[in-house]
Amino acid sequence: MLVQQIYIHGRYADCASGQTYEDINPANNRLLTNVQLAGLDDLEKAVKSALEGFKIWSAMTGTQRAKILMNAVRILRERNDELAELETQDTGKPIQETIAVDVASGADCIEYFAGVAPTIRGYHVDLGNAFGYTRREPLGVCAGIGAWNYPIQIACWKSAMALACGNSLIYKPAPSTPLTTFKLAEIFTEAGLPDGVFNVLTGDAEVGSGLASHRNIEKVSLTGSTATGRKVLEAAAGTIKHVTMELGGKSPLIIFEDADIDNAVSAAMMANFYSGGEICTNGTRVFVHESIKEKFVKQLVERTLKLNVGDPMDPETQVGALISLDHMEKVLDYINKGVESGARLLCGGNRVQVAGCEDGAFVEPTIFDECTNDMLICQDEIFGPVLSLLTFKDESEVIKTANDTEYGLAAGVFTQDIKRGHRVIAKLEAGTCWINNYNLNPIELTIGGYKQSGIGHENGPEAINFYTQVKSVYVELGDVDCPYE
Ligand code: NAD
């Protein structure tokens, strides 16, 4: 079996230690491939290469950079199905999702920022007998650290923003899902990206923390849990690095009495069972108005029971495997704790045995009713297919309870009343909000968390603020007005 090497300076390389670890397919618990484990020596090589790459890349015009990024977009789209298959094997996500969304969303983001690259500019201001202008400059070598739930998408998103702004990027995928990121590195090289502009290191906390603390790395962008975010911030503090933190969530989805119930049920299911519930923005606390509760819950349970849990490679499968058996145990433990704390299990709650995937990490889509916001299942990020139902009577009460969490990543509201929709959204402490839909993330709209869900923004026009720095230049046209004469 081939061993997955690391990727430095436009080609594969062996890591210094020669150590490897196993990358497992969570749908059958079988070995996919052995992966080399990068260490701090490899990090030094990657930084040296990224500094060289940065010199060439940052000297190009935005239009030149855009052409290369667009080449990468074309190749990504051509290889969509092959990459989707690899992603499904590495993550356990249903192939119908990875084919339709994961690679496509990555390519869309690179396309969007290829369009942005030639437009990055400063401004000019007249100052009497002087003028001023600003330069928006790249930061230098940036580091990206990714989570395992959307591996190719996160790698594309972070590289799109960093590279469009003229930076080089050293990217560390999550250890359990590195494979498609290496394909992205190959694609960038094929597209004409100068060597060193996109390097990939494997590894976990040691390399991650090495990236966050390195004196020649100007920025670190993490997509991961809030606990890891705290550690990365500590590691980055020593060099006062620029940081972007895309962290965890425990988001509310509020269904008012005038909501279109069919659509609200669809959204609640998408907000909890899509991608096996392993989505940071998921609306895992579903608040339903007491007057429509019975009708809503009946439909929700009926439709959830029909979901097809199965082999992720089967195009009919709607809910695939979780990321690992360990993670499955964690999710099942939360379900037990939900029962112990008095929540009523309406459906699901068990591991699923899937024919042909007997050792896979499958959990039934699970719905709890009679939840209260102080229960562990309503405060902790479970990151699995577990939906908690809460009942409310009035608007101010539900806003207060919805905001009663340390997180602030996302929120959704279902109502036909346009005034109420906007009024409630304005009071919710969340970075991404939906009215009458859930979990759509077009690249044009920026994302970022409130409270302990993050710092900074990705995607949309705001993103360039986090991958460039601004230099103000004052130009004198007259004499120096010196008070010392
Ligand atoms: P994680 O925090 O365990 O790991 C994320 C990344 O950080 C991995 O690459 C990991 O190797 C690395 N890492 C771990 N310890 C580190 C350290 N001390 N220093 C530097 N790097 C370190 O997260 P995960 O389990 O891979 O992913 C799930 C989490 O990611 C969830 O909390 C989810 O909400 C979050 N997430 C957030 C977003 C968002 O946009 N806000 C998107 C996807 C996932």
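Sort out for me the Cα centre separation of region 221-237 from region 94-161, rounded to whole Å.
If we compute the Cα centre of each part, the gap is 20 Å.
In degrees from 0 to 90, rounded to the nearest 10, what is the angle of the helix 40-58 Cα long axis to the longest principal axis of the chain?
Helix 40-58 sits roughly 60 degrees off the main axis of the chain.
When ranked by the protection proxy of mean other Cβ atoms within 10 Å per residue, highest first, what sequence do the peptides 422-430, 477-485 form? It would help to have the intermediate numbers written out before the result.
Values: 422-430: 16.7, 477-485: 6.0.
Peptide ranking by packing, descending: 422-430, 477-485.
Sequence-distant or interchain residues sharing an amide H contact under 5 Å with residue 15, placed H: which?
6
FRET efficiency for residue 418 and residue 462, Cβ-Cβ distance as r, R0 = 35 Å, nearest 0.05? Before the final figure, lay out the partial values.
On the way: r = 26 Å, r/R0 = 0.74.
About 0.85, to the nearest 0.05.
Taking H as built 1.01 Å from N, whose amide H comes closer than 5 Å to the amide H of residue 3, not counting residues under 5 places away?
So residue 3 has HN proximity to no qualifying residue.
Would you mind computing, in nm to one decimal, how far apart the modelled labels at residue 12 and residue 131 are, each placed 7 Å from Cα along Cα→Cβ?
With each label placed 7 Å out from Cα toward Cβ, I get 5.4 nm.
What angle, in degrees between 0 and 90 and rounded to the nearest 10, separates the Cα long axis of helix 261-273 from the longest principal axis of the Cα atoms of the chain?
Helix 261-273 and the main axis of the chain meet at about 60 degrees.
Long-range amide H contacts for residue 32: which residues qualify at under 5 Å (H placed 1.01 Å from N, peptide plane, sequence gap of 5 or more or a different chain)?
23, 24, 25
Taking R0 as 35 Å, what FRET efficiency do you get between residue 205 and residue 260 from their Cβ-Cβ distance, rounded to the nearest 0.05? Could the numbers behind the result be given before it?
Details: r = 46 Å, r/R0 = 1.30.
That gives a FRET efficiency of 0.15.
If you add up the charges near residue 18, with Lys and Arg at +1 and Asp and Glu at -1, over every other residue whose beta carbon is less than 14 angstrom from its beta carbon, what do you get? Before the final figure, lay out each step's value.
Working: positive: none; negative: 14, 41, 42.
That sum, taken over residues with Cβ under 14 Å, equals -3.
At a Förster radius of 45 Å, what calculated FRET efficiency corresponds to the Cβ-Cβ distance of residue 295 and residue 34, to the nearest 0.05? Each step should come with its number before you reach the end.
Working: r = 52 Å, r/R0 = 1.17.
According to the calculation, E is roughly 0.30.
Ranked highest first by average number of other Cβ atoms within 10 Å, how do 122-134, 37-49, 68-80 line up?
Working: 122-134: 11.8, 37-49: 20.5, 68-80: 18.5.
Peptide ranking by packing, descending: 37-49, 68-80, 122-134.
Simple spin-label model, 7 Å along Cα-to-Cβ: residue 445 to residue 306 in nm?
2.7
Treating the angle as unsigned and between 0 and 90°, give the value, to the nearest 10°, between the Cα long axis of helix 226-237 and the longest Cα principal axis of the chain.
20
Among 106, 148, 188, flag the residue with its Cα farthest along the positive direction of the charge dipole of the chain, charges on Cβ as +1 for Lys/Arg and -1 for Asp/Glu.
188
Computing the accessible area with a 1.4 Å probe over protein heavy atoms, can you report the carbon and sulfur percentage for region 3-247?
On the way: 4600 of 9040 Å².
On region 3-247, the fraction of accessible area on carbon and sulfur atoms equals 51 percent.
If the limit is 23 Å between Cα atoms, which of 45/183; 231/400; 231/451; 250/419 go over it? The partial results should precede the final answer.
Values: 45/183 20 Å; 231/400 30 Å; 231/451 16 Å; 250/419 25 Å.
As for pairs spanning more than 23 Å Cα to Cα, those are 231/400; 250/419.
With a cut-off of 18 Å, note down the residues of region 355-370 whose backbone N falls inside the zone around a label point 7 Å from the Cα of residue 324 toward its beta carbon.
Label zone hits: 359-363.
Provide the packing ranking of 246-254, 214-222, i.e. peptides ordered by the mean count of other C-beta atoms within 10 Å per residue, highest first. Please list the in-between numbers first.
Working: 246-254: 27.7, 214-222: 22.0.
In descending order of packing, they fall as 246-254, 214-222.
Step through the residues of region 447-464 one at a time and calculate ³J(HN,Hα) from phi using the Karplus curve (6.51 cos²θ - 1.76 cosθ + 1.60, θ = phi - 60°), rounding each to whole Hz and writing x for Gly and Pro.
Those phi angles translate into 10, x, x, 8, 6, 8, 8, x, 9, x, 10, 10, 6, x, x, 5, 4, 5 Hz.
The values are calculated or read from the model by the stated rules, or taken from the named source; none is laboratory data. All values reported here derive from a predicted model rather than from experimental measurement. When we count neighbours, we look across all protein chains shown, and the Cβ atoms used for this are built from the backbone with ideal geometry, even at glycine. Just the protein is used for accessible areas: all its heavy atoms, side chains included, with ligands, DNA and RNA removed. Shrake-Rupley method; radii C 1.70, N 1.55, O 1.52, S 1.80 Å.
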